[in-house]
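Some notes on the structure that comes next.
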Amino acid sequence: MASIPYAIRMEGVKKEYRLGAIGGRTLQADLQSWWAQKRGREDPNRRIGQRALSGDAFYALDGIDLTVQPGERLGIIGPNGAGKSTLLKLLCRITAPTEGNIDIYGRVASMLEVGTGFHGELTGRENIYMNGAILGMTRAEIDRRMEEIIDFSEVREFIDTPVKRYSSGMYVKLAFSVAAHLTSEIMIMDEVLAVGDMAFQRKCLDRMRLAADEEGRTVLYVSHNMSTIRRLCDRCIVLQKGKIIFDGPPEKAIAAYMDSGMGQGTVDMDLSALPRPNVTLSAAPRMTHLTLPGKDTPTYAPGEPLQLALTVDAPVSAPGVSVRLTLRSGEDTGLATAWSPPRDLPPGTSTLRLTLPLDTVAKGEFYVSLGLYQADELGRPRMLDHLTRACRIDCQGLPTWGVSAHGYFHLPPLAWLCP
């Protein structure tokens, strides 16, 4: 039997949606309207005086070319709305592309949300049989894998209970176990592991690596957790506005994703248009601009302090405002936080100048998170404005004695205790 040249191939794939265009009629009526439109005739199903339904074209995917080899572990990352879930839905044949071709070699086991394909009234065991049948497996094949699936899922005690009584964690454990153990050549996962506990997440990642390395199965994994992308994937693509902006090694893909929207090597940043998903106060001060004074690139020599010039617009006076700065790792993990003393902000535009010593920071690339906070009636910090990734800096780090150094910060030297 000839070897398969690829597991998945997408050529010029587009998926268009019409904003504001809503169906809801019968299939016959939709076909009548479509045929009338093709002939340039009036829609026979539109009421007299009613305007034609129309909407702006929105491309969730806009010209995707992608080839995935058998046994590859492909990570898919990008901001919300980039087209990640749409891409997976096309591969799972939940919806069809507007343009382009998709070729898939092998059966697909997908898990796009918790409990995909489960029927709430059926027991866990019955859902295993149903999912196996959907994949084209015989009852004998499912029986051979049944005990392995139940053991992996950690829900043996509840396997004969209707899944509508399962918690979300139990759902994801059984659903993943089914997708991972039933016979399929391609596994597709969409951020579902975020529901499980940490121990189960590690077990799932190990299982997906095993499926790719030893069983030759192709794995597509969407996640916002950069740590799991690093641990699982050997290749990663970055989606942005329906296009692939990077395709390559996971480390470089993560860097491209983190830098998208802020610009690599930027020392002068417009913060006004950056998203603030957790900010709810409307009349609070807003950070609008950030510069790194005296810098052409955001590179800091050993011992050089980080200096910031932060422009803030306040619609009204804001007393007792503090700036919170957090250094974050390349995988977007918070490492350390520094607070400024509180100060009063007058109405209008102010420029806050801050400095932070970097003497203990190790060599590496870091992201700077900035926020404006104010104490509430109980003295607790209340968020006024916040940006998780305001800028990126490259620290050269202080020279250290020894063969190697690990971690993000230099600890004080070890001191000998006198005997």
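Residues that are at pLDDT below 80 and not aromatic (Phe, Trp, Tyr): list the strands (runs of 3 or more DSSP E) wholly contained in segment 42-142 that include at least 2 such residues.
Counting at least 2 such residues, we get 108-111.
Might you let me know whether segment 113-127 holds any residue that is free of Cβ contacts under 8 Å to residues at least 12 places away in the same chain and acidic (Asp, Glu)?
Scanning segment 113-127 turns up at least one residue that is free of Cβ contacts under 8 Å to residues at least 12 places away in the same chain and acidic (Asp, Glu).
Condition test on residue 153, is it in the same structural domain as residue 224 (by TED's automatic domain parsing), in contact (Cβ under 8 Å) with a residue 40 or more places away in the chain and within 20 Å of residue 208 (Cβ to Cβ)?
So residue 153 fails the test.
Do we find that residue 112 is in contact with a Pro (Cβ under 6 Å, 6 or more places away or on another chain) and not β-branched (Val, Ile, Thr) in this structure?
no
Is at least one residue of segment 317-330 assigned by TED's automatic domain parsing to the domain that holds residue 284, farther than 30 Å from residue 257 by Cα and either under 27 Å from the mean Cα position of the chain (by Cα) or not in a strand (DSSP E or B) (or both)?
Yes, segment 317-330 contains a residue that is assigned by TED's automatic domain parsing to the domain that holds residue 284, farther than 30 Å from residue 257 by Cα and either under 27 Å from the mean Cα position of the chain (by Cα) or not in a strand (DSSP E or B) (or both).
Please state which of the following conditions residue 103 fails to meet, knowing it meets all the rest: (1) in contact (Cβ under 8 Å) with a residue 12 or more places away in the chain; (2) surrounded by 13 or more Cβ atoms within 10 Å (Cβ to Cβ).
(2)
List pairs: first in segment 221-236 and not assigned by TED's automatic domain parsing to the domain that holds residue 191, second in a loop (DSSP other than H, G, I, E, B), Cβ under 9 Å, 6+ apart or cross-chain?
none
The values are calculated or read from the model by the stated rules, or taken from the named source; none is laboratory data. From a predicted model like this one, the values you see are computed outputs, not experimental measurements. Please note: Cβ atoms are built from the backbone with ideal geometry, for glycine as well, and neighbour counts cover all protein chains shown.
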